Amino acid sequence: MDFERKNLTNEQLLDLYKKLLKPRLIEEKMLILIRQGKVSKWFSGIGQEAISVGITSVLDKDEYILPMHRNLGVFTTRDIPLHRLFSQWQGKRNGFTKGRDRSFHFGTQEYKIIGMISHLGPQMGIADGIALANKLKQNGKVTAVFTGEGATSEGDFHEALNIASVWDLPVLFVIENNGYGLSTPTNEQYRCAQLADRGVGYGMESHVVDGNNILEVFNLISELKASMVDNPRPVLLEFMTFRMRGHEEASGTKYVPQELMDMWAEKDPVENYRKYLKLTAVLSEEEDEAIRAEIKKEIDTDWAKVQEEPEIVADLNEELNDVYRPWEYEQIDHFDELENIRVIDAISNGLRQSMERHENLVIMGQDIAEYGGAFKITDGFVAQFGKERVRNTPICESAIVSAANGLSINGYKAVVEMQFADFVSTGFNPIVNLLAKQHYRWQENSDVVVRMPCGGGTQAGPFHSQTNEAWFTKTPGLKVVYPAFPYDAKGLLNTAINDPNPVMFFEHKQLYRSVYQDVPKDYYTLPLGKASLLKEGNDVTIISFGAGVHWALETLAKNPEISADLLDLRTLQPLDTEAIYASVKKTSKVIILQEDSLFGGVASDISAMIMENCFEYLDAPVKRVGSLESAIPFMKSLEDQYLPKGRFETELLDLLKY
């Protein structure tokens with residue numbers, strides 16, 4: 001192995017050796033502890049240390065790194081105290097996740113490290129978002145994100161590279177090609193000669209690097225980082241290396257040919273660099289022994305410290321309180337001047353005024369810039385706020401949601417427009433596994449609003465008409481808002497943007513241009529989790545949201561003899577259970593109307609909650625009304641049959657007769 005020191009001093013060479021040796025000695029300790037049953041699981045990076053150490057040594061302490069589960073060298077090179085890492089691995093409170101996640105599935109703003117989730121791909125998009133924030137700040141910072149060759153087959157990888165290329169984002173995309181995705185060799189994963197060749201397709205600079213040569217890694221990254229400050233751009237790096245242990249320790253390596261193990265053992269990054277330093281008289285045997293003794297002493301001391309830490313004691317209040325970032329709602333009232341506008345105008349006004357109020361707010365989506373979005377909600381925004389903050393995106397919902405999360409991590413707010421709520425399925429993973437769980441996992445909020453144009457009644461067919469709120473009300477960590485009127489839409493959108501937690505904001509397309517209301521011209525907010533009592537009566541409680549509210553109003557206008565409480569939920573998570581229970585206890589009969597198909601919908605949970613908490617007050621079974629158990633069809637006659645609007649009146653009258 002050829003080492004080129006270039007202009008590095010002896011002190012720098014020794015410093016790299018110490019950083020390279022430390023994760024190796026920690027791993028050797030962990031392997032002993034696994035055999036002793038004191039550590040339950042371990043993902044080894046033995047043989048790959050030069051990549052983590054080389055890159056992290058070059059980047060500034062305030063530059064974000066997004067490592068994987070085999071990058072111990074990133075964490076040690078950032079000088080995280082070993083006892084904190086050990087506490088994390090052992091599920092102790094002094095770790096980073098309060099025992100809620102394991103190994104390197106965590107992030108820390110203190111050390112500017114953002115750890116992975118097991119789905120791998122989304123962290124590529126997070127890196128895009130972090131880099132975009134750096135570019136907007138014009139701070140010259142670079143972001144490095146790691147992945148294995150296996151994860152390069154994921155769609156998120158390709159989406160993230162495309163976004164970074166189109167937006168000229170200063171990201172180092174680091175592929176650790178270690179030969180195997182768990183047990184699947186590279187010849188069963190891809191057909192290109194080198195993964196770095198994929199950079200050509202994205203118009204991206206790329207390099208193939210000897211990942212076991214610490215000086216080659218360090219020198220190349222040093223050159224790239226210096227040039228990326230003056231010329232911000234993404235770079236794709238394929239580091240050729242090998243995993244000398246199993247995917248995780250229990251997996252073993254029986255599926256690897258012995259000659260391959262022997263070949264790569266000769267390329268050991270630590271041993272070869274040690275030999276080079278001794279050969280060039282930079283490191284003596286005595287110095288080497290002293291360095292090893294010092295690191296081993298630190299490891300043993302910090303491990304002993306962690307053994308004295310008590311085990312995590314479950315605290316119910318703490319667990320539930322950490323699902324969302326605590327946030328104090330600010331009530332802002334401005335009712336001096338009103339204007340009669342539509343739902344679509346109210347949303348546009350709220351979004352515009354929020355952009356004016358929050359200079360760190362960025363909105364992203366397909367065709368939202370000059371074109372103004374599919375529904376023209378952002379029409380004129382580019383002229384006012386510029387293309388840096390109003391960003392057209394490629395068709396890549398998953399990576400854009402992840403990028404929004406990266407913006408949040410690096411100090412920005414983000415609004416993502418799904419062109420249609422149906423398309424959120426291709427961005428589902430980062431929403432439910434990343435945004436929703438991030439604060440619970442490592443106390444980092446995700447300040448993202450996802451706007452969801454939804455609903456039927458416009459003959460748009462199965463892929464443009466879904467109302468899929470139930471996909472998200474089931475997921476702890478998300479807030480779900482679903483207004484039915486212009487006044488609510490504007491006030492709740494403003495609050496959703498202010499809220500530092502992830503919010504799914506549903507906007508019914510049929511209501512966009514059909515519902516008018518007097519709305520304050522100025523900026524104002526409405527609280528989440530508060531239903532609106534639109535009508536008061538004594539015979540029955542009608543609970544609905546979105547278009548269903550208007551169907552209920554039409555039914556009551558047609559049947560003026562019905563005395564009903566009509567409750568517009570407005571937000572589904574948090575849910576105003578207090579208002580629901582109070583009305584049910586008053587009327588003793590309840591019917592819940594939703595546009596979504598019935599089984600597994602929001603109405604089912606509300607019905608169950610009423611049965612559990614108000615059973616003794618009921619004079620009839622709780623009635624649910626929803627759409628048919630099918631996809632939503634295209635033709636009007638079929639769509640009318642599918643939607644529950646035509647069935648609601650019959651079900652309501654039957655309930656009143658009970």
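The values are calculated or read from the model by the stated rules, or taken from the named source; none is laboratory data. Since the structure is predicted, the reported quantities are computational estimates derived from the model, not experimental observations. Neighbour counts run over all protein chains shown; Cβ positions are idealised from the backbone, glycine included. All accessible areas refer to the heavy atoms of the entire protein, side chains included, with ligands and DNA or RNA removed. Shrake-Rupley method; radii C 1.70, N 1.55, O 1.52, S 1.80 Å.
Think of the chain as a dipole: +1 on every Lys or Arg Cβ, -1 on every Asp or Glu Cβ, centred on the Cα centre; then among 438, 410, 17, 17 lies furthest on the positive end.
Peptide packing for 72-84, 625-637, 350-362 was compared via the average number of neighbouring C-beta atoms within 10 Å per residue; ordered from the highest value, the list is 72-84, 350-362, 625-637. Between residue 137 and residue 265, the modelled labels are 4.6 nm apart [label points 7 Å from Cα along Cα→Cβ].
A straight line joining the Cα centroids of segment 366-404 and segment 514-555 runs 29 Å. Within segment 37-127, the GluC sites (Glu not before Pro) that combine a DSSP coil assignment with at most 12 other C-beta atoms in a 10 angstrom radius are 110. Karplus-based coupling profile of segment 543-552, in residue order and whole Hz: 10, 7, 6, x, 4, x, 4, 6, 5, 5, with θ = phi - 60° in 6.51 cos²θ - 1.76 cosθ + 1.60 and x standing for Gly or Pro. For residue 571, the amide hydrogen comes within under 5 Å of the amide hydrogens of 482, 529, 530, counting only partners 5 or more places away or on other chains and with H modelled in the peptide plane. Per-residue packing, averaged as other Cβ atoms within 10 Å, sorts the ranges 477-483, 28-34 into the order 477-483, 28-34, beginning with the highest. Classify segment 416-531: rounded, prolate or oblate, from the alpha-carbon gyration tensor (a ≥ b ≥ c, eigenvalue square roots; a/c under 1.5 rounded; otherwise prolate if a/b is larger than b/c)? Note, shape of segment 416-531 comes out oblate.
Applying the criteria of a DSSP loop state and at most 11 other Cβ atoms within 10 Å to the GluC sites (Glu not before Pro) of segment 561-624 yields 561. Entry note, the chain: the mean residue ellipticity at 222 nm calculated from DSSP H runs of n ≥ 4, each adding -39500 (n - 2.57), is -12000 deg cm²/dmol after division by the residues and rounding to the nearest 500. The string of couplings for segment 401-409 from the Karplus curve (6.51, -1.76, 1.60, θ = phi - 60°) is 4, 5, 5, 4, 5, x, 4, 4, 4 Hz, one whole number per residue in order, with x for Gly and Pro. Evaluated with a Cβ-only charge set (Lys, Arg +1; Asp, Glu -1), segment 130-269 carries a dipole of roughly 460 debye about its Cα centre, given to the nearest 20.
Loop-located GluC sites (Glu not before Pro) across segment 361-445 with a Cβ neighbour count of 14 or fewer within 10 Å are 370, 388, with loop assigned by DSSP.
Net charge dipole, segment 276-352: roughly 440 debye, given to the nearest 20, about the Cα centre with Cβ charges of +1 for Lys and Arg and -1 for Asp and Glu.
Under 1.5 on a/c is rounded, so check that first for segment 329-369, then, if it is not, pick prolate when a/b is larger than b/c and oblate when it is not; a ≥ b ≥ c are the square roots of the alpha carbon gyration tensor eigenvalues.
Oblate.
Residues 42, 327, 89, ordered by accessible area of protein heavy atoms at a 1.4 angstrom probe radius and largest first, appear as 327, 89, 42. Within the chain, DSSP assigns beta bridges of which about 20% are antiparallel (rounded to the nearest 5). Close amide H partners of residue 148, meaning residues 5 or more places away or on another chain with modelled amide H under 5 Å apart, are 176. How much of the accessible area of the chain, probe 1.4 Å, is carbon plus sulfur, in whole percent? C and S atoms contribute 50 percent here.
Shown are 562, 312, 55, whose ranking by accessible area with a 1.4 Å probe and every protein chain present, most to least, is 312, 562, 55.
With kT/(6 pi eta Rh) evaluated at 10 °C and eta = 1.306 mPa s, and Rh the Kirkwood radius from Cα pairs, segment 296-438 diffuses with a coefficient of 85 µm²/s according to Stokes-Einstein.
For a modelled paramagnetic label at residue 34, 7 Å from Cα along Cα-to-Cβ, the residues of segment 252-280 in reach, with backbone nitrogen under 13 Å, are 252-254.
Peptides 183-192, 129-138 ranked from most to least packed give 129-138, 183-192, packing being the mean of other C-beta atoms within 10 angstrom over each peptide's residues. Derived scalar couplings between HN and Hα for segment 279-284 equal 5, 9, 6, 7, 10, 9 Hz in order, rounded to whole Hz, by the Karplus curve 6.51 cos²θ - 1.76 cosθ + 1.60 (θ = phi - 60°), x for Gly and Pro.
Along its three principal directions, the equivalent ellipsoid of the chain from the Cα gyration tensor extends over semi-axes of 53, 27, 22 Å, largest first. Charge dipole of the chain (Cα centre as origin; +1 on each Lys and Arg Cβ, -1 on each Asp and Glu Cβ, all else neutral): 380 debye, rounded to the nearest 20. For the residues 66, 316, a 1.4 Å probe over the protein chains yields an accessible-area ranking, largest first, of 316, 66. Each of 510, 346, 151 was placed along the dipole of the chain (beta-carbon charges, centred on the mean Cα), and the one lying farthest toward the positive end is 151. With viscosity 1.002 mPa s and temperature 20 °C, the Kirkwood radius over alpha carbon pairs of segment 400-475 converts through Stokes-Einstein to a diffusion coefficient of 163 µm²/s. When only alpha carbons are used to place a centre, segment 277-335 and segment 12-54 end up 15 Å from one another. For residue 467, nonlocal amide neighbours, meaning residues 5 or more places apart or on other chains whose placed amide H falls under 5 Å from its own, are 455. Pull out a ≥ b ≥ c, the square roots of the eigenvalues of the alpha-carbon gyration tensor of segment 95-187, then state rounded if a/c is under 1.5, prolate if not and a/b is larger than b/c, and oblate in the remaining case. Because a/c hits 1.5 or more and a/b fails to exceed b/c, segment 95-187 counts as oblate. Computed with a 1.4 Å probe over protein heavy atoms only, the accessible area of residue 545 comes to about 10 Å².
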